[in-house]
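The values are calculated or read from the model by the stated rules, or taken from the named source; none is laboratory data. These figures come from a predicted structure and were not determined experimentally. Note that each Cβ is placed from the backbone with ideal geometry, even for glycine, and that neighbours are counted across all protein chains shown.
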Amino acid sequence: MIPSRAARRTIAMIRAAAAIGAAACLIGCAHDLPMNTLAPKSDLAEWIYRLFLQLTAWDALIFAIVLVATALALFRFSTRVGEAAPSMSARSDLALEVAWTVGPALVLLFISIPTVALIFRSQPAQAPAGAMVIDVTAHQWWWEFRYPATGITTANELHIPVATQIRLELKSADVIHSFWVPALGGKRDVVPGQINHLTLQARDDGVYFGQCGEFCGLSHANMRFRVFVDSPQQFARWQQDQLVKPPGPPPSGPIADGAEIFASSPCTTCHTIAGVSKGVLAPNLTHFASRTTLAGGIMPNTADNLARWIENPSRLKPGAQMPALQVRGKSLDDLVAYIESLK
């Protein structure tokens, strides 16, 4: 028996769906991807992952039922060319109507109960006892992290200790953003005029990539950051290095020349360097050289990249609100040497 055109089309669609599903599974199983929601590294991410598996199981069951019903409709209860059409009847099947009404209602119930429970579990009204509170402020297009207990401020690189409750206080300085670190859980919207919260406990140390998950303007895709989950000893060393220290001996050579260029430039109105400037509109540069990236996490922190960034920010990051600084040659080299000395 040759299948009808509709049957062949349905079979082709089923095969395509199976191929897409298999490809998605293969991609999801690659746990070494830099932004992978299927390799949870925190308690929050683990809760979300388990809910995802539970909902996927229900989806797979529904998909199987639909496939069986489609196959029966095509091959068991359909007519062929030349066959007499079955007599039509207006008879109602009460059991069938109850099944297709109660069945979906139960599925929705089984999906909604764990989903709502996880929403309340993942958003406690108060910070857990002993939690480390970190203020997170989203800007176009970079992230600011403040540690109220120590006064440390950094940009685009968040350091947290492993196996410690973390309470992130999320707010925006301009438009709506979204804080998203796939391996650690999220997303959580960052809305102007209100503070949202994200509570988690990382269980594995390492470096995890984050990204703004809400379109926020021209360089939305370039609004990246990294989360460094450190061992307690590593975090203590990082924290000690970030504390403002008494001034050392005055610099000399290119670094001293670069310090003079910075102090007399418009940079001081936007950037903070402890003991030098108090700008608040742009990233704090007090410990700039200790960071691994620059320009909102889009480039490695190297002298060459920093020079390119100072010369023409908007070319590297469209819409960048940092104006190009009119310094060239030795002056640019001296300025880069000074900023790269800020550890």
Starting from the range 147-161, keep only residues that are in a strand (DSSP E or B), then list their pairs with residues that are of a type in the set (Lys, Arg) whose Cβ atoms are within a distance under 8 Å, requiring at least 6 positions of separation or different chains.
152/146; 153/146; 154/291; 155/291; 157/226; 157/291; 158/226
Considering residues that are closer than 15 Å to residue 268 by Cα, surrounded by fewer than 18 Cβ atoms within 10 Å (Cβ to Cβ) and either of a type in the set (A, V, I, L, M, F, W, C) or at pLDDT 90 or above (or both), the number found within the range 324-343 is 1
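Filtering the range 169-214 down to residues that are acidic (Asp, Glu) and in a loop (DSSP other than H, G, I, E, B), which residue is nearest to residue 142 (Cα to Cα)?
Just the residues of the range 169-214 that are acidic (Asp, Glu), to begin with: 169, 174, 189, 204-205, 214.
From the residues that got through so far, the ones that are in a loop (DSSP other than H, G, I, E, B) too are 174, 204-205, 214.
Details: 174: 11, 204: 25, 205: 24, 214: 13 Å.
Residue satisfying both the conditions and the ranking: 174.
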Contact list please: Cβ distance under 9 Å, first residue in the range 300-321 and closer than 13 Å to residue 335 by Cα, second residue of a type in the set (D, E, K, R), pairs at least six apart or on different chains.
303/333; 303/340; 306/340; 307/333; 308/315; 309/317; 311/328
Counting only residues that are under 19 Å from residue 295 (Cα atoms) and crowded, with 23+ Cβ neighbours inside 10 Å, how many does the range 159-184 have?
4
Considering only the range 188-213, how many residues are surrounded by fewer than 16 Cβ atoms within 10 Å (Cβ to Cβ) and either at pLDDT 95 or above or more than 17 Å from residue 165 (Cα to Cα) (or both)?
5
What's the total number of residues in the range 215-251 that are hydrophobic (A, V, I, L, M, F, W, C) and part of a helix (DSSP H, G or I)?
4
Output for the range 124-146, where each listed residue is under 20 Å from the mean Cα position of the chain (by Cα), assigned to a loop (DSSP other than H, G, I, E, B) and of a type outside the set (Phe, Trp, Tyr):
140
